[in-house]
Amino acid sequence: MRVLLFLGSALMLVGVAWALLAAPTELFQGAPQRIMYLHVPSVVTAYVALLVVFAGSVLYLWRRDPRWDRLARSSAELGVLFISMTLLSGAIWGKAVWGAWWTWDARLTTTLILWFIYIGYLMVRAWAPGARGARAAAIIGIVGVLDIPIIHWSAILLRTLHPQPTVFRPQGPALPPSMLIPLVINLVAFMLVFAGLLLLRVRQERTLDALAETLEGSA
Amino acid sequence: MRVVRLLVGKDLRLEWRGREIVSAMGLLALLLAIVLGATRSGPEAAPAAMWVTYAFGATLGFTRTFALERDHLTALLLAPLDRGLIFAAKALTNWLGLVVVQVISLPLFGALFTETIWTRLPALALPMLLGGIGLAAVGTLFGGLIVQARLREALLPILMLPVVLPLVIAAVGATTGILDGLPVWAIGAQLQLLLVFDIIFVTASFLLFEYVVEE
């Protein structure tokens, strides 16, 4: 865990430095385009976090092992963190390049709605502690992921303005290596930090649960 | 089917005697229609006003249908029934309540926003029915989920509204198209989304409900 966090942070320093100093300036967007080196890794990490929530929720409902619930809960917190970073970095970029902090674009809408769904998840955790809250949250974790494609589809019915994917697309990345390398470095760094934080949080939750059990036992 | 009919019958009878839920939901819907109409009442505002009203009416009413069981929820759960059937019955009750709200608020939308509602009524029924089913499915799932939580009246809208947002977007799109005089095939994409939403969430809720209500 400590190794992951250390490695991830170090790699992130390299990636950010590379993105700011070495990567070429984009012709039309100028310097704000460099936000992409943080924006894309955080959104990818956010979606990975939500998939971990989904997997943890399904396994918890199936197996009833509190370990899976701790995994889902910890990952949901990180998911909200990374979605927030995505929304913030995207808004700053949007203001600079589009001239607007926000538009009702499909990707933006989907991400914002996911933020609300997982904030709801965390609120249920806060308001309904114990096994009952864990079960309720697990169902929200499953429904949230089921909702992703539908939200996206509905937002396309609205309209779409977001730049089309340049990296994750069937034909392979369209980004030149000079931009792709710092992006990949940052992506790996974000994943490592996510994994490190996730393990850290799961351990905290485990300690907390153990403490609660001990207190209950002695009372 | 018989079980569902009995359970729905029981809830409807309770509701008919007390008329708590429908009067609360209906009154909220009328108030929302008036508040929204007072602030912006052109025909172009009608679809959004209608769906905001339905969605909020749903969040208010759907917390009550489980609360109405109060201490009897355990009794209901002890009955040797598939939990999916309990979901089906509750969702059906919720949906019927929502239909009542939709119907009684229509004259107000017709009067305050646009008369076109009356000429396009048959086409309008499509998004209203499909959208209502989706709202009832998600609302019943989450309503059951949080029935024992603190602050459940506050929690249901927080959980439900983001999840049903795609449904509301599609329903508003379809309603706009219909009120603009487009033929039904022109809003096929929106209706398709509503249908897919209904299928996914009715199925998912039916399957997940077993985990929602267990002790």
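The values are calculated or read from the model by the stated rules, or taken from the named source; none is laboratory data. Everything numeric here is computed off the predicted structure, so don't read it as measured data. Backbone-built Cβ (ideal geometry, glycine too); neighbour counts: all protein chains shown. We work out accessible area using only protein heavy atoms, side chains counted, and drop any ligands, DNA or RNA first. Shrake-Rupley method; radii C 1.70, N 1.55, O 1.52, S 1.80 Å.
For the protein assembly as shown, what are the per-bin percents of Cα-Cα distances with bins 20 Å wide, up to the bin holding the maximum?
Percent of pairs per bin, in order: 24, 50, 25, 2.
Relative contact order for chain A: what is it in percent, counting Cα pairs under 8 Å that are at least 6 residues apart?
36
Using the crude model of +1 on Lys and Arg Cβ and -1 on Asp and Glu Cβ, and no other charge, please compute the dipole size for the protein assembly as shown relative to its Cα centre, in debye to 20.
With Lys and Arg at +1 and Asp and Glu at -1, about 340 debye.
What residue among A:Gln33, B:Ala33, B:Gly181 has its Cα farthest toward the positive end of the dipole of the protein assembly as shown, where the charges are +1 on Lys, Arg and -1 on Asp, Glu, each on the Cβ?
Positive-end residue among those listed: A:Gln33.
Any idea which of A:Leu192, A:Ala126, A:Val97 is furthest toward the positive side of the dipole for the protein assembly as shown, if Lys and Arg beta-carbons carry +1 and Asp and Glu beta-carbons -1?
Farthest towards the positive pole: A:Leu192.
Contour minus end-to-end for B:Leu121 and B:Asp180, with contour as 0.36 nm per residue of separation and end-to-end as the Cα-Cα distance?
20.0 nm
Could you work out how far helix B:152-179 tilts from the main Cα principal axis of chain B, as a 0 to 90 degree angle to the nearest 10?
30
Which values, in whole Å and largest first, are the semi-axes of the equivalent ellipsoid of region A:1-114 obtained as the square root of 5 times each eigenvalue of the Cα gyration tensor?
Its equivalent ellipsoid spans semi-axes of 31, 20, 8 Å.
Can you sort A:Arg34, A:Arg132, A:Arg67 by solvent-accessible area, 1.4 Å probe, largest first? Before the final figure, lay out each step's value.
Numbers: A:Arg34 40, A:Arg132 95, A:Arg67 145 Å².
Per-residue accessible area, sorted high to low, gives A:Arg67, A:Arg132, A:Arg34.
Just to confirm a number: summing +1 for Lys and Arg and -1 for Asp and Glu over residues other than A:Val53 whose beta-carbon lies under 12 angstrom from that of A:Val53, what do you get?
Once all neighbours under 12 Å are counted, the net charge is +1.
Where nothing but the Cβ of Lys and Arg (+1) and of Asp and Glu (-1) is charged, how large is the charge dipole of chain A around its Cα centre, in debye to the nearest 20?
That gives a dipole near 140 debye.
Give me the dipole magnitude in Debye, nearest 20, for region B:2-214 about the Cα centre, with unit charges on the beta carbon: positive for Lys and Arg, negative for Asp and Glu. Could the numbers behind the result be given before it?
Numbers: 14 positive and 13 negative charges, 83 e Å.
That gives a dipole near 400 debye.
In nm², what is the average projected area of the convex hull enclosing the Cα atoms of chain A? Write down the numbers at each step before the final one.
Working: hull surface 54.7 nm².
Result: 13.7 nm².
Would you mind calculating the relative contact order of chain B from Cα pairs under 8 angstrom and at least 6 residues apart, reporting the percent as a whole number?
Once divided by the residue count of chain B, the mean separation gives 27 percent.
Helix B:2-18 sits at what angle to the longest principal axis of chain B, using alpha carbons and giving 0 to 90 degrees rounded to 10?
70
In whole Å, what three semi-axes, largest first, describe the equivalent ellipsoid of region B:140-215 built from its Cα gyration tensor (square root of 5 times each eigenvalue)?
Values for region B:140-215, descending: 31, 15, 6 Å.
Any chance you could check the Cα centroid distance between region A:183-219 and region B:74-139 for me, in angstrom?
Each part's Cα centre sits 43 Å from the other's.
Summing both sides, how much accessible area is buried between B and A? Use a 1.4 Å probe and give Å² to the nearest 100. Don't skip to the answer; put the middle values down first.
Values: alone 10640 and 12220 Å², together 20160 Å².
So the total buried area for this chain pair works out to about 2700 Å².
Calculate log10 I(q)/I(0) of region B:2-214 for q = 0.11 Å⁻¹, where I(q) comes from the Debye formula with a single equal point scatterer on each Cα and nothing for solvent.
Summing over Cα pairs of region B:2-214 leads to -0.51.
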